[in-house]
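These notes concern the structure reproduced below.
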DNA sequence: CAGTATCCAATGTGATACTG
DNA sequence: CAGTATCACATTGGATACTG
């Protein structure tokens, strides 16, 4: 992303969300949050643990999710959406409307 | 995408939109439609013509854009959003709201 | 102009093993 | 459990040249 350039907020959002698996991860946490690493891995069909790990770090860096560690044995780590990610819920609502409509027209 | 399985409309939309450059292409056409191949290539910074061509075909296959050829010399081809793609405008609105907010909290 | 062809680089996948 | 490390492999994307 370029520096010292006022970037269009839509392009900005697209940059934040466009890597592979990023949207499915956030959506899993929109449905219910927080979740543990294994829960996410099981729920998001097809993702591998190394990519899940990579994306979670990126999302944490961008303040969309937060990671909390509990000193249990075996270890527990929970990932939850931050309040900064709440605006994304409307995005998913619109994706839902669009999906419902488009599924019908496409047979 | 799996067959004979009722897929969640959100996952369905994500599948339609999650490939690299798909969202920037649609967004370019949300701003103004129709546009010619070269216009899209110039406007979408960083895209290469082969990827643009590939994505346009996919989007046409999914009925989100339509392609019209004019028998001029040199050739003119226009790409426009279909009415089926109109529901995506709300998605971009929400992406805009989110981007505006997130740009502020992230400095 | 509107693409296609080609070849190379980057990214993601899959399997497996290993650590705290 | 929650990851990281390592490779081999496949798929995707990027750069560039070229055609009708």
Contacts under 8 angstrom Cβ, first residue in the stretch A:67-92 being away from chain B (no Cβ under 14 Å), partner part of a helix (DSSP H, G or I) and buried (at least 16 other Cβ atoms within 10 Å of the Cβ), 6 or more apart: A:67/A:56; A:77/A:37; A:79/A:29; A:79/A:37; A:79/A:40; A:79/A:56; A:80/A:29
Those residues of the stretch B:20-55 which are more than 11 Å from DNA strand C (Cβ to nearest atom), under 18 Å from residue A:20 (Cβ atoms) and facing chain A (nearest Cβ under 9 Å), in sequence order: B:21, B:22, B:23, B:24
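Have a look at A:47, A:73, A:7 and point out the one that is modelled with pLDDT under 95, surrounded by 17 or more Cβ atoms within 10 Å (Cβ to Cβ) and either on the phi > 0 side of the Ramachandran plot or assigned to a loop (DSSP other than H, G, I, E, B) (or both).
A:47
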The one condition in (1) under 12 Å from the mean Cα position of the chain (by Cα); (2) under 24 Å from residue A:21 (Cβ atoms) that residue B:60 fails to fulfil: (2)
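The values are calculated or read from the model by the stated rules, or taken from the named source; none is laboratory data. Since this is a predicted model, take the numbers as computed values, not measurements. Positions of Cβ are generated from backbone atoms using ideal geometry, with glycine treated the same way; all protein chains shown enter the neighbour counts.
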